[in-house]
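Presented below is the structure to which this report refers.
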Amino acid sequence: MVKIVVLVDDKSFDQRLKVAHGLSLYLEFNDIYLLFDLGPNSEILQYNVEKLGIDVELVDATIISHIHSTHIGGLSYIGWVSPYLKVYIPYDSMHSLGRMARSNGLIPEEVIDWINPWPGIYISKPIHGPPWEHFLVIDTSRGLIVFSGCMHPGVDKVLDIITGYLDRNIYGVVGGFHLENAPRSIIDKTIHVLFEKYCVEKIAPLHCSGELFKRVINENYPDRIIEAGAGSILDIG
Ligand SMILES: [Zn+2]
Ligand SMILES: [Zn+2]
């Protein structure tokens, strides 16, 4: 079972929290605590973390999925509360994001291939969107749960690479799907790939997933969508 707390999102389900275009998740799995992406800026990340009472200083590592500003903004806050924390950064970003992480007291590690830092926790190899993006994958008793920043390479390519490497069913996908301005045909194709090709059982679309994408899933697969936003606490897997 993975516990997920949505720290920053384009939508909020908790009136105390601030909303912003961006994504940040806090995750707990087998006594490992992780941050996945850091939202668009430190102020909003700190504000929401404090309102939600999350102990960020206990986090074991931060994973930054890709270099877009809406996912990397909270670096200085994390460096301040948790100096020397390891931050997994995207392929080919050592001279930009890596420097920024180091100047904030963090320890960047560039993702150049699959990594298995703790039992059951994987970071995928870099997949080109553009930009380069990697995915956090947690192996639960019900199957794999995939965490996506924006899903820039497309869900078919990403799930094909993940199932090719880990050879297990995909139980859930959580995060951005980057379909905000996508035509209906792309949305229908994505939904087909998720639910018919890979038989994904639960998805929690966040950030840039788009309202139309969520509406079409709600109409066709209402038991497979988890509506979430900042402040949502999900236990899945
Ligand atoms: Zn992005
Ligand atoms: Zn996006």
Task: Residue that is farthest from GLY164 (Cα to Cα), among those in the stretch 65-124 that are of a type in the set (Val, Ile, Thr) and assigned to a strand (DSSP E or B) - done: ILE107
TODO: Mind listing whichever residues of the stretch 60-85 are among the polar types (S, T, N, Q) and touching a helix residue (DSSP H, G or I) at 6+ places or on another chain (Cβ under 8 Å)?
DONE: THR62, SER65, THR70, SER76, SER82
Open item on the list: Looking only at the stretch 126-138, count every residue that is without any contact (Cβ under 8 Å) to a residue 40 or more places away in the chain and either under 15 Å from the mean Cα position of the chain (by Cα) or within 11 Å of ligand 2 (Cβ to nearest atom) (or both) and tell me the total.
Closed with: 3
Task: Criterion (away from ligand 2 (no atom under 16 Å from the Cβ), out of contact with any Gly (no Cβ under 8 Å at 6 or more places or on another chain) and either hydroxyl-bearing (Ser, Thr, Tyr) or farther than 24 Å from PRO130 by Cβ (or both)) met by exactly one of LEU166, LEU159, LEU194 - done: LEU166
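Per-residue answers, yes or no, for (1) in a strand (DSSP E or B); (2) free of Cβ contacts under 8 Å to residues at least 12 places away in the same chain:
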residue: ILE145; (1), (2): yes, no
residue: CYS150; (1), (2): no, no
residue: PRO153; (1), (2): no, no
residue: ASP160; (1), (2): no, yes
residue: ILE186; (1), (2): no, yes
residue: CYS208; (1), (2): no, no
residue: LEU212; (1), (2): no, no
- [ ] Take the stretch 186-221 and flag every residue that is more than 27 Å from PHE29 (Cβ to Cβ) and surrounded by fewer than 18 Cβ atoms within 10 Å (Cβ to Cβ).
- [x] ILE186, ASP188, LYS189, HIS192, GLU196, GLU211, LEU212, ARG215, ASN218, GLU219, ASN220
TODO: Quick one: which residue in LEU25, LEU35 is away from ligand 1 (no atom under 16 Å from the Cβ), at negative phi and in a strand (DSSP E or B)?
DONE: LEU35
Open item on the list: Tally up the residues in the stretch 172-185 that are under 19 Å from the mean Cα position of the chain (by Cα), more than 16 Å from ligand 1 (Cβ to nearest atom) and surrounded by fewer than 21 Cβ atoms within 10 Å (Cβ to Cβ), please.
Closed with: 0
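Bear in mind that the values in this text are calculations on the coordinates, not laboratory data. None of the values given here were measured: they were computed from a predicted structure. Using ideal geometry, Cβ is built from the backbone for each residue, glycine included, and neighbour counts are taken over all protein chains shown.
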